[in-house]
1. Any chance the range 226-237 includes a residue that's under 22 Å from residue 142 (Cα atoms) and in contact with a helix residue (DSSP H, G or I) (Cβ under 9 Å, 6 or more places away or on another chain)?
2. For the condition without any contact (Cβ under 8 Å) to a residue 12 or more places away in the chain and either part of a helix (DSSP H, G or I) or touching a Pro at 6+ places or on another chain (Cβ under 7 Å) (or both), what is the one hit in 18, 9, 24?
3. When the residues of the range 97-136 are narrowed to those that are within 14 Å of residue 77 (Cβ to Cβ) and among the aliphatic types (A, V, I, L, M), which ends up nearest to the chain's Cα centre (by Cα)?
4. Looking only at residues that are farther than 21 Å from residue 72 by Cβ and of a type in the set (S, T, N, Q) in the range 206-257, which one is surrounded by the most Cβ atoms within 10 Å (Cβ to Cβ)?
5. Determine whether residue 209 is farther than 16 Å from residue 57 by Cα and among the β-branched types (Val, Ile, Thr).
6. Give the residues of the range 27-54 that are outside any helix (DSSP H, G or I), within 22 Å of the chain's Cα centre (by Cα) and of a type in the set (Gly, Ala, Ser), sorted by residue number.
7. For the range 44-76, which positions are on the phi > 0 side of the Ramachandran plot and of a type in the set (Lys, Arg)?
8. Being in a loop (DSSP other than H, G, I, E, B) and β-branched (Val, Ile, Thr) is the filter; apply it to the range 185-235 and report the residue that is nearest to the chain's Cα centre (by Cα).
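The values are calculated or read from the model by the stated rules, or taken from the named source; none is laboratory data. Everything quoted here is computed from the prediction, not taken from an experiment. Note that we place each Cβ from the backbone using ideal geometry, even for glycine, and neighbour counts take in every protein chain shown.
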Amino acid sequence: MILDDIVAKKRIRVDKRKKEIPIKELEKQALEKVKVEKEANYKNSFRIALKKEGLSVIGEFKKASPSKGVIVDNFNVKEILNYYNYLGVDVFSILTEEDFFLGNDEYLKEIRRISHTPILRKDFVIDFYQIYEAKVLGANGILLIVSVLGDTLGDFYKEAKRFNLEPLVEVHNKEELDLALQYDCEIIGINNRDLKTFNVTLDTTKELIKSISNDKVVIAESGIMSIEDLEMIKGFGADGVLIGELFMRNIDNLDFKSKYKEFRKQ
(Lines give C-alpha, C1' and ligand atoms only; values in the text may rest on other atoms or scores of the structure.)
Protein backbone atom coordinates (compact mmCIF):
# COMPACT_ATOMS: atom_id res chain seq x y z
CA MET A 1 0.00 0.00 0.00
CA ILE A 2 1.18 3.50 -0.80
CA LEU A 3 0.72 4.67 2.80
CA ASP A 4 3.07 1.95 4.04
CA ASP A 5 5.64 3.00 1.44
CA ILE A 6 5.40 6.66 2.48
CA VAL A 7 5.81 5.82 6.16
CA ALA A 8 8.77 3.51 5.46
CA LYS A 9 10.56 6.23 3.48
CA LYS A 10 9.78 8.80 6.15
CA ARG A 11 11.25 6.60 8.87
CA ILE A 12 14.52 6.37 6.92
CA ARG A 13 14.65 10.16 6.47
CA VAL A 14 13.89 10.88 10.13
CA ASP A 15 16.57 8.45 11.29
CA LYS A 16 19.07 10.19 9.00
CA ARG A 17 18.15 13.64 10.31
CA LYS A 18 18.53 12.46 13.90
CA LYS A 19 22.18 11.73 13.13
CA GLU A 20 22.63 15.28 11.80
CA ILE A 21 20.83 17.00 14.70
CA PRO A 22 20.23 14.78 17.78
CA ILE A 23 16.66 14.73 19.08
CA LYS A 24 17.63 16.31 22.43
CA GLU A 25 19.27 19.24 20.66
CA LEU A 26 16.24 19.76 18.42
CA GLU A 27 13.87 19.53 21.38
CA LYS A 28 15.96 22.16 23.15
CA GLN A 29 15.66 24.49 20.14
CA ALA A 30 11.89 23.95 20.07
CA LEU A 31 11.58 24.66 23.80
CA GLU A 32 13.50 27.90 23.32
CA LYS A 33 10.87 28.99 20.82
CA VAL A 34 8.11 28.12 23.29
CA LYS A 35 9.87 30.15 25.98
CA VAL A 36 10.10 33.19 23.70
CA GLU A 37 6.41 32.85 22.82
CA LYS A 38 5.40 32.73 26.49
CA GLU A 39 7.44 35.83 27.25
CA ALA A 40 5.76 37.61 24.36
CA ASN A 41 2.30 36.36 25.44
CA TYR A 42 1.93 34.73 22.00
CA LYS A 43 -1.40 33.10 21.10
CA ASN A 44 -1.58 30.46 18.38
CA SER A 45 -3.98 31.77 15.73
CA PHE A 46 -4.38 28.43 13.92
CA ARG A 47 -7.63 27.26 15.52
CA ILE A 48 -9.10 30.79 15.55
CA ALA A 49 -8.57 31.08 11.78
CA LEU A 50 -10.42 27.80 11.21
CA LYS A 51 -13.35 28.40 13.58
CA LYS A 52 -14.28 31.85 12.30
CA GLU A 53 -17.67 32.73 10.81
CA GLY A 54 -18.33 31.04 7.46
CA LEU A 55 -16.34 28.37 5.68
CA SER A 56 -12.60 28.64 6.38
CA VAL A 57 -10.15 27.64 3.68
CA ILE A 58 -6.75 25.97 4.00
CA GLY A 59 -4.79 26.44 0.78
CA GLU A 60 -2.16 23.81 0.12
CA PHE A 61 1.26 24.37 -1.44
CA LYS A 62 1.18 21.12 -3.40
CA LYS A 63 3.69 20.30 -6.11
CA ALA A 64 2.79 16.63 -6.59
CA SER A 65 0.92 13.65 -5.19
CA PRO A 66 1.29 9.85 -5.43
CA SER A 67 -2.01 9.53 -7.30
CA LYS A 68 -1.64 12.45 -9.75
CA GLY A 69 2.12 12.81 -10.15
CA VAL A 70 3.50 16.32 -10.71
CA ILE A 71 0.68 18.88 -10.51
CA VAL A 72 2.71 22.09 -10.85
CA ASP A 73 5.86 22.04 -12.99
CA ASN A 74 6.95 25.59 -12.20
CA PHE A 75 6.47 25.49 -8.43
CA ASN A 76 7.08 29.06 -7.28
CA VAL A 77 6.11 29.45 -3.62
CA LYS A 78 6.04 33.26 -3.74
CA GLU A 79 3.72 33.18 -6.73
CA ILE A 80 1.44 30.73 -4.93
CA LEU A 81 1.56 32.90 -1.80
CA ASN A 82 0.39 35.93 -3.80
CA TYR A 83 -2.35 33.83 -5.40
CA TYR A 84 -3.57 32.59 -2.02
CA ASN A 85 -3.49 36.07 -0.54
CA TYR A 86 -5.64 37.24 -3.46
CA LEU A 87 -8.11 34.40 -2.82
CA GLY A 88 -8.24 35.25 0.89
CA VAL A 89 -7.03 31.85 2.10
CA ASP A 90 -7.16 31.60 5.92
CA VAL A 91 -4.42 29.01 6.58
CA PHE A 92 -1.56 27.64 4.50
CA SER A 93 -0.85 23.90 4.32
CA ILE A 94 2.74 23.33 3.25
CA LEU A 95 3.75 19.83 2.24
CA THR A 96 7.19 18.84 3.46
CA GLU A 97 7.09 15.13 2.51
CA GLU A 98 9.94 14.78 0.03
CA ASP A 99 9.60 11.46 -1.79
CA PHE A 100 5.97 11.17 -2.85
CA PHE A 101 4.69 14.77 -2.69
CA LEU A 102 8.00 16.47 -3.60
CA GLY A 103 7.66 18.76 -0.60
CA ASN A 104 10.46 20.53 1.23
CA ASP A 105 11.07 22.19 4.60
CA GLU A 106 12.54 25.14 2.71
CA TYR A 107 9.10 25.99 1.31
CA LEU A 108 7.77 26.38 4.84
CA LYS A 109 10.75 28.42 6.00
CA GLU A 110 10.43 30.75 3.01
CA ILE A 111 6.71 31.38 3.57
CA ARG A 112 7.20 31.85 7.32
CA ARG A 113 9.77 34.56 6.67
CA ILE A 114 7.37 36.66 4.57
CA SER A 115 3.88 35.85 5.89
CA HIS A 116 2.02 35.89 9.21
CA THR A 117 -0.77 33.58 7.97
CA PRO A 118 -1.05 30.42 10.13
CA ILE A 119 0.84 27.46 8.66
CA LEU A 120 0.08 23.75 8.83
CA ARG A 121 3.15 21.59 8.34
CA LYS A 122 1.70 18.73 6.35
CA ASP A 123 3.81 15.61 6.66
CA PHE A 124 3.52 12.02 7.80
CA VAL A 125 4.36 12.28 11.49
CA ILE A 126 5.76 9.08 13.00
CA ASP A 127 8.24 10.46 15.55
CA PHE A 128 8.32 13.24 18.17
CA TYR A 129 11.35 14.51 16.26
CA GLN A 130 8.99 15.86 13.57
CA ILE A 131 6.99 17.77 16.17
CA TYR A 132 10.15 19.56 17.28
CA GLU A 133 11.06 20.19 13.64
CA ALA A 134 7.68 21.76 12.98
CA LYS A 135 8.14 24.13 15.91
CA VAL A 136 11.64 25.16 14.88
CA LEU A 137 10.52 25.69 11.27
CA GLY A 138 7.80 28.09 12.42
CA ALA A 139 4.64 26.05 11.85
CA ASN A 140 1.47 26.77 13.83
CA GLY A 141 -0.09 23.36 13.30
CA ILE A 142 0.85 19.82 12.32
CA LEU A 143 -0.95 16.91 10.72
CA LEU A 144 -1.52 13.77 12.80
CA ILE A 145 -2.93 10.85 10.80
CA VAL A 146 -4.86 8.35 12.89
CA SER A 147 -4.29 5.49 10.45
CA VAL A 148 -0.53 6.05 10.86
CA LEU A 149 -0.37 6.63 14.64
CA GLY A 150 -3.12 4.33 15.92
CA ASP A 151 -3.25 4.11 19.72
CA THR A 152 -0.16 6.34 20.05
CA LEU A 153 -2.27 9.29 18.80
CA GLY A 154 -2.85 10.55 22.34
CA ASP A 155 0.88 10.75 23.08
CA PHE A 156 1.60 12.65 19.87
CA TYR A 157 -1.37 14.97 20.47
CA LYS A 158 -0.13 15.88 23.97
CA GLU A 159 3.43 16.42 22.76
CA ALA A 160 2.26 18.75 20.00
CA LYS A 161 0.21 20.75 22.50
CA ARG A 162 3.22 20.95 24.82
CA PHE A 163 4.97 22.91 22.08
CA ASN A 164 1.95 25.13 21.36
CA LEU A 165 1.27 23.41 18.05
CA GLU A 166 -2.33 22.77 17.00
CA PRO A 167 -2.81 19.23 15.64
CA LEU A 168 -5.12 18.68 12.68
CA VAL A 169 -6.12 15.08 13.37
CA GLU A 170 -6.98 13.25 10.17
CA VAL A 171 -9.54 10.44 10.05
CA HIS A 172 -10.90 8.34 7.21
CA ASN A 173 -13.63 6.25 8.87
CA LYS A 174 -15.81 5.94 11.97
CA GLU A 175 -13.30 3.78 13.86
CA GLU A 176 -10.56 6.39 13.44
CA LEU A 177 -12.97 9.19 14.32
CA ASP A 178 -13.94 7.42 17.53
CA LEU A 179 -10.25 7.24 18.50
CA ALA A 180 -9.75 10.96 17.78
CA LEU A 181 -12.78 11.82 19.89
CA GLN A 182 -11.60 9.50 22.66
CA TYR A 183 -8.49 11.69 22.98
CA ASP A 184 -10.64 14.84 22.80
CA CYS A 185 -8.93 16.10 19.67
CA GLU A 186 -10.22 19.59 18.85
CA ILE A 187 -9.56 19.89 15.10
CA ILE A 188 -10.75 16.94 13.04
CA GLY A 189 -9.79 16.57 9.40
CA ILE A 190 -12.07 14.22 7.48
CA ASN A 191 -10.13 12.85 4.51
CA ASN A 192 -12.47 11.89 1.70
CA ARG A 193 -9.70 9.81 0.13
CA ASP A 194 -9.20 6.25 1.33
CA LEU A 195 -5.42 6.07 1.77
CA LYS A 196 -5.47 2.33 1.10
CA THR A 197 -7.44 2.34 -2.19
CA PHE A 198 -7.15 6.08 -3.02
CA ASN A 199 -10.88 6.09 -3.88
CA VAL A 200 -12.51 9.46 -3.16
CA THR A 201 -16.06 10.34 -2.11
CA LEU A 202 -17.43 13.44 -0.36
CA ASP A 203 -19.96 11.15 1.33
CA THR A 204 -17.21 10.40 3.86
CA THR A 205 -17.52 13.95 5.22
CA LYS A 206 -21.31 13.82 4.94
CA GLU A 207 -21.54 10.74 7.14
CA LEU A 208 -18.74 11.25 9.67
CA ILE A 209 -19.63 14.85 10.49
CA LYS A 210 -22.89 13.59 12.01
CA SER A 211 -20.90 12.07 14.88
CA ILE A 212 -18.91 15.22 15.71
CA SER A 213 -20.13 17.82 18.22
CA ASN A 214 -20.32 21.51 17.33
CA ASP A 215 -17.51 22.49 19.69
CA LYS A 216 -15.01 20.70 17.44
CA VAL A 217 -13.49 22.18 14.28
CA VAL A 218 -14.25 19.99 11.25
CA ILE A 219 -12.14 20.28 8.10
CA ALA A 220 -13.05 18.41 4.90
CA GLU A 221 -10.01 17.19 2.98
CA SER A 222 -9.46 15.75 -0.51
CA GLY A 223 -11.77 15.34 -3.47
CA ILE A 224 -12.91 18.97 -3.58
CA MET A 225 -12.58 19.69 -7.28
CA SER A 226 -15.14 22.40 -8.05
CA ILE A 227 -17.12 25.31 -6.64
CA GLU A 228 -20.09 22.93 -6.51
CA ASP A 229 -18.09 20.62 -4.24
CA LEU A 230 -17.33 23.57 -1.96
CA GLU A 231 -21.03 24.41 -1.77
CA MET A 232 -21.81 20.77 -0.94
CA ILE A 233 -19.21 20.64 1.86
CA LYS A 234 -20.53 23.91 3.26
CA GLY A 235 -24.00 22.38 3.27
CA PHE A 236 -22.74 19.42 5.28
CA GLY A 237 -21.82 21.85 8.07
CA ALA A 238 -18.02 21.67 7.92
CA ASP A 239 -16.07 24.54 9.45
CA GLY A 240 -13.51 24.51 6.68
CA VAL A 241 -11.90 22.79 3.74
CA LEU A 242 -8.35 21.86 2.78
CA ILE A 243 -7.75 22.37 -0.94
CA GLY A 244 -4.67 21.56 -2.93
CA GLU A 245 -5.13 20.31 -6.48
CA LEU A 246 -8.15 22.48 -7.33
CA PHE A 247 -6.21 25.62 -6.47
CA MET A 248 -2.94 24.44 -8.00
CA ARG A 249 -4.54 23.69 -11.37
CA ASN A 250 -6.27 27.06 -11.55
CA ILE A 251 -3.50 29.52 -10.70
CA ASP A 252 -3.93 31.29 -14.06
CA ASN A 253 -7.65 30.61 -14.52
CA LEU A 254 -9.43 33.98 -14.32
CA ASP A 255 -12.88 32.38 -14.61
CA PHE A 256 -12.21 30.12 -11.63
CA LYS A 257 -10.86 33.00 -9.56
CA SER A 258 -13.98 35.04 -10.27
CA LYS A 259 -16.36 32.19 -9.37
CA TYR A 260 -14.39 31.39 -6.24
CA LYS A 261 -14.46 34.99 -5.04
CA GLU A 262 -18.24 35.04 -5.56
CA PHE A 263 -18.60 31.85 -3.54
CA ARG A 264 -16.60 33.38 -0.69
CA LYS A 265 -18.97 36.32 -0.52
CA GLN A 266 -21.92 34.03 0.27
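1. Within the range 226-237, the subset under 22 Å from residue 142 (Cα atoms) is none.
Looking through the range 226-237, none of the residues is under 22 Å from residue 142 (Cα atoms) and in contact with a helix residue (DSSP H, G or I) (Cβ under 9 Å, 6 or more places away or on another chain).
2. On the way: 18 fails: without any contact (Cβ under 8 Å) to a residue 12 or more places away in the chain; 9 fails: without any contact (Cβ under 8 Å) to a residue 12 or more places away in the chain.
Just a single option satisfies the conditions, and that option is 24.
3. 119
4. As a first pass, look at the range 206-257 and keep what is farther than 21 Å from residue 72 by Cβ: 206-220, 228, 231-240.
Filter again for of a type in the set (S, T, N, Q), leaving 211, 213-214.
On the way: 211: 11, 213: 7, 214: 8.
For the range 206-257, the residue satisfying everything is 211.
5. Working: farther than 16 Å from residue 57 by Cα: yes; among the β-branched types (Val, Ile, Thr): yes.
Here the answer is yes, as residue 209 does meet what is asked.
6. Residues of the range 27-54 that are outside any helix (DSSP H, G or I), as a first pass: 40-45, 51-54.
In the following step, the residues that additionally are within 22 Å of the chain's Cα centre (by Cα) were identified as 42-45, 51-54.
Those that are outside any helix (DSSP H, G or I), within 22 Å of the chain's Cα centre (by Cα) and of a type in the set (Gly, Ala, Ser): 45, 54.
7. If we filter the range 44-76 for residues that are on the phi > 0 side of the Ramachandran plot, which is where we start, we get 54, 69.
None; the set is empty.
8. If we filter the range 185-235 for residues that are in a loop (DSSP other than H, G, I, E, B), which is where we start, we get 185-186, 192, 194-199, 201-202, 212-216, 222-226.
Within this subset, residues satisfying the condition of being β-branched (Val, Ile, Thr) are 197, 201, 212, 224.
Details: 197: 21, 201: 19, 212: 19, 224: 15 Å.
So the residue we want is 224.
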